[in-house]
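K.L.:
Here you go, one structure.
Just so you know, all these numbers are worked out from the coordinates, no wet-lab data involved. It should be emphasised that the depicted structure is a prediction, and the values quoted were computed from it without experimental measurement. Cβ atoms come from the backbone with ideal geometry, glycine included; neighbour counts cover every protein chain shown.
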Amino acid sequence: MTARTELPEWNALKALAGTDGERHLRDLFAEDEERFSRFSGEAAGLFVDYSKTRITEDVRDALLALSRACGVEARRDAMFGGTAINETEGRAVLHVALRAQEEGRHLVEGRDVLPDVRAELSRMESFCGKIHSGEHKGHTGKPLDTVVNIGIGGSDLGPVMVTEALAPYALKGRKVHFVSNVDGTHLAETLRRIDPETTLFVVASKTFTTQETMTNAHSARAWFLEQGASEDDVAKHFVALSTNEEGVREFGIDTSNMFRFWDWVGGRYSLWSAIGLPIALQIGWTNFESLLLGARGMDEHFRTAPAQENLPLLLGLIDVWHRSFLGMHAHAVLPYDQYLHRLAAYLQQADMESNGKSVTMNGTPVSYPTGAIVFGEAGTNGQHAFYQLIHQGTDVIPCDFLAPARSHNPLGDHHEKLLANFLAQPEALMRGRTEDEARAELIEGGADAAEADRLAPHKAFPGNRPTVSILTEEITPATLGALIALYEHRIFVAGAVWDINSFDQWGVELGKTLAKAILPELTGGTGGAHDASTAGLIARINASRG
Ligand code: G6Q
């Protein structure tokens, strides 16, 4: 396949970076009254305004041409169809099948996966029903009103983010905790807050071999037994979410208490599978189904909408434009909704683990920047923390601003104030304030000319900082499902243009291997050779711990 940088479409964009890419958004808005309607769209309950990004009609056309040249749509269809597009792991990538409806569309090695998906969903539904009705009781006969999910990475971040985002939909009286870190503090602090008689432990691990999760699960089990339960009681209080039946059995969980998923579900794309059980237990089955339905709406849009209107496609391409052609290093996710306070953490994994790659599908080094550094915080909190750098720092950082028009907590004028900030920040980032404007404002405010000259450079804002605004009527299970799917597909698009495998994560392996080798050295054993720094630190830790 032709290297991306040798495609004429790639080089056309390179040329545009020096012309259209340099245009100031202020000017682009001044020149074109239709800019907002030209560069915005709607799908699955989300309105997306990308008119404040650094694109023009020519750039959009060129990006769409690049997408065609890179075969993005063909790769999308291959993903939906069940082709093993995760080539380095030899797996299909079919999270879309977890929320699909139409039979015969998602085939793995010729076999429709939908019947299995449906069967597992229906087992989950029936289990939720038994927990919620109190039919499934703990070992002392009490209903289980608390869930402790033990998992990490993809088996944690999605369920945490979604249960937080949908807290207004939580069933009355239900509590959920998430334990991920191998730091004993995480589990210990959680165990202090729960009652073993009313707690269901959900051990969530695709592989059922992950060090952190297995360590936490064994300790939780030991604690449960120490509280007076017997080995036989474990079955009532522990369930597993996994693809590894043998591992689950070995741990001591009856496989009838196991909810399955498949190797074609990537960890960071798994909240729609059995990994979503803690979500369903917290918000109820109907709401969990609405979450899937919302995602399906976005899937359908991504699969069928014309390229010009296809929001995940356009946003993914704009990400490539900002990153690879305009050299922007980071990407901020700024939800103006307190319930979405874990969205940035979730997207850090979704995006950076997917697109933080530097070799192409065939193993040759890329010669252009790929995945950006993702970070963020709920608005307005971030405004009082790191927005300074976004407005006036030396890096230009594209931002996503997200907000619901309606709040679940319409308290006084809080939401109007929140929305005013949600609108003002992108406006400020787009317009900026010239030094002349800053000087004039200072003079108007009573400063003398010398003082105005001295302060104006500090009070000037360059502007021309790109933002995308994503608006929805309300954060509901369905709109949240659509929002997550929008990001999943947007990440897919950027990865496809970059010709990288967005679905493996070899970069997390090396550290894991070295940690395993170091562990004996912290428990009295001997280890391998290390660099002087690592050896010095090990010696120091061992000395401190006696
Ligand atoms: C996600 C990654 C990773 C994974 C965790 C947990 O895409 O693969 O974050 O989810 O390492 O893995 P297990 O579910 O196998 O415990």
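K.L.:
Where does the charge balance sit around G252 when Lys and Arg score +1, Asp and Glu -1, over other residues with C-beta under 15 Å from its C-beta? Let's see the in-between values first.
P.N.:
Working: positive: R221, K236, R249; negative: E231, D232, D233, E245, E246, E250, D254.
Around G252, the surrounding residues sum to -4.
K.L.:
May I pose another question? What's the angle, to the nearest 10 degrees (0 to 90), between helix 477-498's Cα axis and the longest principal axis of the chain?
P.N.:
70 degrees
K.L.:
What is the list of residues in the stretch 120-152 whose amide nitrogen lies under 15 Å from a point 7 angstrom out from the Cα of L225, following Cα to Cβ?
P.N.:
none
K.L.:
Hey, another quick one. Cut-off is 10 Å between beta-carbons; in what order do R35, R68 appear when sorted fewest neighbours first? Could you put the intermediate results ahead of the total?
P.N.:
Numbers: R35 19, R68 13.
Listed from fewest to most nearby Cβ atoms, that is R68, R35.
K.L.:
Expressed as a whole number of Å, what is the distance separating the alpha-carbon centroids of the stretch 225-254 and the stretch 358-376?
P.N.:
Going from one Cα centre to the other spans 41 Å.
K.L.:
Sticking with this structure for a sec: Once the Cα atoms of helix 311-320 and of the chain are each reduced to a long axis, what angle between those two axes, in degrees from 0 to 90 to the nearest 10, is obtained?
P.N.:
70 degrees
K.L.:
Sort I541, I279 so the one with the fewest other Cβ atoms within 10 Å of its own Cβ comes first. Working shown, then result.
P.N.:
On the way: I541 11, I279 27.
Least crowded to most crowded, the residues run I541, I279.
K.L.:
Could you state the number of Å between the C-alpha centres of the stretch 507-546 and the stretch 118-133?
P.N.:
After rounding, the separation between the Cα centres reads 44 Å.
K.L.:
Below 8 Å, C-alpha to C-alpha, sequence gap of six or more: please give me the relative contact order for the chain in percent. All intermediate terms of the calculation are to be shown ahead of the outcome.
P.N.:
On the way: 906 pairs, mean separation 103.3, N = 546.
It rounds to 19 percent for the chain.
K.L.:
Can you put D531, D49, D195 in order of Cβ neighbours within 10 angstrom, beginning with the fewest?
P.N.:
Values: D531 8, D49 20, D195 14.
Lowest to highest Cβ neighbour count: D531, D195, D49.
K.L.:
Here's another thing I want to ask about it. With every atom except the alpha carbons ignored, what do you get for Rg and Dmax of the stretch 250-339, in angstroms?
P.N.:
Both quantities, over Cα of the stretch 250-339: 18.2, 54 Å.
K.L.:
Same structure again: May I ask you to derive the relative contact order of the stretch 326-453, considering only C-alpha pairs under 8 Å and at least 6 residues apart, and to give it as an integer percent?
P.N.:
Details: 137 pairs, mean separation 39.6, N = 128.
Reported as a whole number, the value is 31 percent.
K.L.:
For the Cα atoms of the chain, what angle does the longest principal axis make with the long axis of helix 285-304, in degrees from 0 to 90, nearest 10?
P.N.:
40 degrees
K.L.:
Over all directions, what mean area does the Cα convex hull of the chain project, stated in square nanometres?
P.N.:
On the way: hull surface 121.7 nm².
The number I arrive at for the chain is 30.4 nm².
K.L.:
From Cα pairs below 8 angstrom and at least 6 apart in sequence, can you work out the relative contact order of the stretch 1-76, rounded to a whole percent? Write down the numbers at each step before the final one.
P.N.:
Numbers: 44 pairs, mean separation 27.3, N = 76.
It comes to 36 percent, rounded to a whole number.
K.L.:
So for the chain: antiparallel DSSP bridges make up what percent, rounded to the nearest 5?
P.N.:
Values: 14 of 45 bridges.
Counting only bridges with both partners in the chain, antiparallel ones make up about 30 percent.
K.L.:
Between the stretch 20-77 and the stretch 134-191, what is the separation of their alpha carbon centroids in Å?
P.N.:
Measuring centre to centre over Cα atoms gives 41 Å.
K.L.:
Which value in deg cm²/dmol, rounded to the nearest 500, describes the helix-derived mean residue ellipticity at 222 nm for the chain, given -39,500 (n - 2.57) per DSSP H run of n ≥ 4 and division by the residue count?
P.N.:
On the way: 22 runs with 240 residues, N = 546.
Value at 222 nm, helices only, nearest 500: -13500 deg cm²/dmol.
K.L.:
Whose amide H sits under 5 Å from the amide H of D400, counting only residues 5 or more places off or on another chain, with H placed in the peptide plane?
P.N.:
Distant-sequence amide H within range of D400: A332, V333, L334, V468.
K.L.:
Among the listed pairs K14/K52; K52/K512; K130/K417; K357/K516, give every one whose C-alpha distance is greater than 32 Å. If you can, show how the numbers build up before the last one.
P.N.:
Working: K14/K52 20 Å; K52/K512 41 Å; K130/K417 43 Å; K357/K516 24 Å.
Cα-Cα > 32 Å for K52/K512; K130/K417; rest within.
K.L.:
Could you compute the net charge surrounding M430? Neighbours are other residues with a C-beta less than 9 Å from the C-beta of M430; K and R count +1, D and E count -1. Don't jump to the answer; show the numbers that get you there.
P.N.:
Numbers: positive: R26, K52, R431, R465; negative: E427.
Net of charged neighbours comes to +3.
K.L.:
Projecting each Cα onto the charge dipole of the chain (Lys/Arg +1, Asp/Glu -1 at the beta carbon, about the Cα centre), which of G276, V203, P398 comes out farthest on the positive side?
P.N.:
V203
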